[in-house]
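Asker: Handing you a structure now.
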Amino acid sequence: MMKILAFETTCDETSAAVLEGERLRSNAVFSQISLHRKYSGVVPELASRAHLEKMPFVLASALKAAGVKLPLKKGAVDAVAFSRGPGLPGALMVGRVAAEAAAELAGAPLIGVNHLEGHLLACEFDRGRAVRPLQFPLAALIVSGGHTELWHARGYGDYRILGRTRDDAAGEAFDKVAKLLGLPYPGGPSVEKEAAKAKGVCPDFPRPYMPGTRDFSFSGLKTAVSYYLAGQLGQDFYKRGVRLPPAARARVCRAFQDAVTETLVRKTADAARSLGLKRIAVGGGVSANGALRAAFGRLEGFEVRFSEKAYCSDNAAMVALCALRRLEAGKFRNSLKVAPELADPGW
Ligand code: KG4
Ligand code: ZN
């Protein structure tokens, strides 16, 4: 059975995983959230340093849990994979160099994986086993802190971009709105938690549907929230440190979350319908959002797949799985290009 060691360091999670056949033997993740929290967002230089510092421990923990001995011997694993992008350049280098060293020691091929394809394939895990293969063709929505992309996925490695954000990613909008409201980073989970407490009439924010294009735009929605807050609290409310009381804040969270959710669901469904696609798969950090899951669940006429919550945010398990699917297909060119086209899986 094929054993794959994988690395993930695109943003603020340092992760290493071992996949043996379809079974995930380990998936060690060190989250840097506490490091970036006081800046309300990821500071690239701090992220790179933290990856460098934590990688040896994360790798040792992933190998130990999978029963692979250090130092790596020839043949210890059959392939080594890493997220080659998109991501923060300094952060990416750490994963790549670690993967190169591991591949050299193990005498194994090195496979550069597209991180966004990883978010899509994460939908295949069922309690640590990659036993729910995606059925193609499908419409894939990848919603993370750095990306909002809609793909027409015709098979493994065969993706065409239908639309993408023209400004902020969906997760980024959650993070920025949370910051305006004085909620902790990462904004997505904070906003979702507050939204669940909302009672009464919520403000009405615009849905950025952008008719005539399959692209997305979330920065106007963030600005609408900011104007609303300025109207309630006065100009320069943020600088003055004035924040909404909890009940009103919960209503803003609810209204914002509804606007993002409805936009994502409607645009994805419209695109799928126009292409005659019956299946939708949703991945990336924002896909952990319960309201988004529920809204997709209410869509009629589609089979909608999400990844289990444990695999929505960045992890190396999904990177290993991309490598497995590629090895199974036996058609990979060893693409190690540093800055890949977003939808280019490097197959
Ligand atoms: O995929 P991910 O872990 O990292 C990137 O590749 O960017 O996504 C992180 C993003 C953050 O912006 C975070 O606020 C958002 O996913 N997120 C959520 C939720 N959990 C994480 N957004 C909305 N609701 C959530 N429950
Ligand atoms: Zn990601």
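The values are calculated or read from the model by the stated rules, or taken from the named source; none is laboratory data. Keep in mind the model is a prediction, meaning the values are calculated, not measured. Neighbour counts are summed over all protein chains in view; Cβ atoms, including those assigned to glycine, are modelled from backbone coordinates with ideal geometry.
Asker: Would you be able to tell me the number of residues in region 3-20 that are more than 10 Å from ligand 1 (Cβ to nearest atom) and out of contact with any helix residue (DSSP H, G or I) (no Cβ under 8 Å at 6 or more places or on another chain)?
Answerer: 2
Asker: Of the residues ASP126, ASP204, only one is away from ligand 2 (no atom under 16 Å from the Cβ) and within 19 Å of LEU321 (Cα to Cα); which?
Answerer: Every option except ASP126 fails the conditions.
Asker: Return the residues of region 17-41 that are small (Gly, Ala, Ser) and under 22 Å from ASP168 (Cα atoms); say none if nothing qualifies.
Answerer: Scanning region 17-41 gives SER40, GLY41.
Asker: Residues LEU88, LEU121, LEU92: which one is surrounded by fewer than 22 Cβ atoms within 10 Å (Cβ to Cβ) and among the aliphatic types (A, V, I, L, M)?
Answerer: So the residue among LEU88, LEU121, LEU92 that is surrounded by fewer than 22 Cβ atoms within 10 Å (Cβ to Cβ) and among the aliphatic types (A, V, I, L, M) is LEU88.
Asker: Out of VAL113, VAL77, VAL97, report the one residue that is crowded, with 21+ Cβ neighbours inside 10 Å, aliphatic (A, V, I, L, M) and more than 16 Å from ligand 1 (Cβ to nearest atom).
Answerer: Just a single option satisfies the conditions, and that option is VAL77.
Asker: Given the residues GLY145, GLY128, GLY157, GLY182, which is the only one that is within 26 Å of PRO89 (Cβ to Cβ) and touching a Lys or Arg at 6+ places or on another chain (Cβ under 9 Å)?
Answerer: GLY157
Asker: Considering region 262-282 alone, what residues qualify as being buried (at least 21 other Cβ atoms within 10 Å of the Cβ) and among the hydroxyl-bearing types (Ser, Thr, Tyr)?
Answerer: THR263, THR268
Asker: Quick one: would you say ALA108 is more than 22 Å from the chain's Cα centre (by Cα) and surrounded by fewer than 16 Cβ atoms within 10 Å (Cβ to Cβ)?
Answerer: No.
Asker: So which of ALA122, ALA139, ALA62 is within 16 Å of ligand 1 (Cβ to nearest atom) and closer than 30 Å to SER190 by Cα?
Answerer: ALA122
Asker: For region 59-66, does any single residue satisfy the condition of being within 16 Å of ligand 2 (Cβ to nearest atom) and within 23 Å of GLY87 (Cα to Cα)?
Answerer: no
Asker: In addition: If you go through region 291-307, how many residues are loosely packed, with under 15 Cβ neighbours inside 10 Å and within 16 Å of ligand 1 (Cβ to nearest atom)?
Answerer: 2
Asker: Working only within region 290-306, note down all residues that are within 16 Å of ligand 2 (Cβ to nearest atom) and either in a strand (DSSP E or B) or of a type in the set (D, E, K, R) (or both).
Answerer: PHE306
Asker: Could you grab me the full set of residues in region 249-289 that are part of a loop (DSSP other than H, G, I, E, B) and within 16 Å of ligand 2 (Cβ to nearest atom)?
Answerer: If the condition is that a residue be part of a loop (DSSP other than H, G, I, E, B) and within 16 Å of ligand 2 (Cβ to nearest atom), then GLY284, ASN289 are the ones that fit.
Asker: While we're looking at this one, here's another question. If a residue must be among the polar types (S, T, N, Q) and more than 14 Å from ligand 1 (Cβ to nearest atom), how many such residues does region 28-58 contain?
Answerer: Counting residues in region 28-58 that are among the polar types (S, T, N, Q) and more than 14 Å from ligand 1 (Cβ to nearest atom) gives 2.
Asker: Here is a further query. Report the residue count in region 288-347 for those that are at pLDDT below 95 and of a type in the set (Ser, Thr, Tyr).
Answerer: Of the residues in that region, 1 qualify.
Asker: Do you know which residues across region 82-121 are outside any helix (DSSP H, G or I) and within 15 Å of ligand 2 (Cβ to nearest atom)?
Answerer: Those that are outside any helix (DSSP H, G or I) and within 15 Å of ligand 2 (Cβ to nearest atom): PHE82, SER83, ARG84, GLY85, PRO86, GLY87, LEU88, VAL113, ASN114.
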